[in-house]
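What follows is a short report on a single structure.
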Amino acid sequence: MNKLFLALLMLIIIGSLIACTNNEGESEEEATVQEAVRQVSTNEIEDEILEDNWDLSSIFEHSVVLENGQESYKVVGNQSTLGFTGPLPTVANKTQKYFWFYFGNETIYDKPVDVKAIKKGEKELIDVFSGTFHKGAELGPGIVNMPSHLRFPSKGVWKVLVYIDDDLYESIVVEVE
């Protein structure tokens, strides 16, 4: 009976050690599988977006009080979540500097932001920009900005998809001339 108990105890200890061992080859494979699952999920979301609303996003005035006075910007997007300002209209095949404004209530500092876009009538998703909102770029309570350079390869209506920490946060529809 003692030998059976001792053997069972040894199996439990050895099994626990094997389960806790980090095998680098397996973790790389695991990461590849997780990336593939995330990509499939993203593609499914994007398929839904293809059929979603393609009305142009609103353009609104946003004022910021700076040390040297108040400055007003024309922002494309959603006043309660996210938008961008810069040269309007957006011109195809020309890299232009834009500033993103985050108006939400979530803490998004230092989370990865990926901006992708898809042209109406097409299925190819392009990467437009990657960056982060930094705490030092806060313009006021709940308002932070992020500089970027955007380039759209052709004229037409584009849906800009903003992912924060790999989750689709907002989509903005723009006309590119």
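Observations on the structure shown:
- With neighbours defined as other Cβ atoms within 10 Å of a residue's Cβ, the residues ILE126, ILE164 order from fewest to most as ILE126, ILE164.
- Estimated FRET transfer efficiency when R0 is 30 angstrom, pair ASN68-TYR109 (beta carbons, to 0.05): 0.75
- In plain terms, the chain from GLU51 to LYS123 could stretch by 24.8 nm, reckoned as 0.36 nm per residue minus the Cα-Cα distance.
- Counting lysine pairs in region 58-176 that sit 8 or more residues apart in sequence, or on different chains, and whose Cα atoms lie under 18 Å apart gives 16.
- Remark: spin-label model distance SER58-LYS97 equals 2.9 nm, labels positioned 7 Å along the Cα→Cβ axis.
- Exposure proxy for SER63, SER130, SER148: other Cβ atoms within 10 Å of each Cβ, ordered fewest to most, give SER63, SER130, SER148.
- Placing unit charges on the Cβ atoms of the charged side chains and taking the dipole of region 58-176 about its Cα centre, the candidate lying farthest along the positive direction among MET146, PHE133, ALA92 is ALA92.
- The H on the amide N of ALA92, modeled in the peptide plane, is under 5 Å from the matching H of GLU177, each at least 5 residues off or on a different chain.
- For region 58-176, the fraction of alpha-carbon pairs in successive 10 Å shells from zero, as %: 13, 48, 31, 7, 0
No value in this document is a laboratory result; all are computed from the given coordinates. Here the structure is a predicted model, which means the values were calculated and not measured. Reconstructed Cβ throughout: ideal geometry from the backbone, glycine too, with neighbour counts over all protein chains shown.
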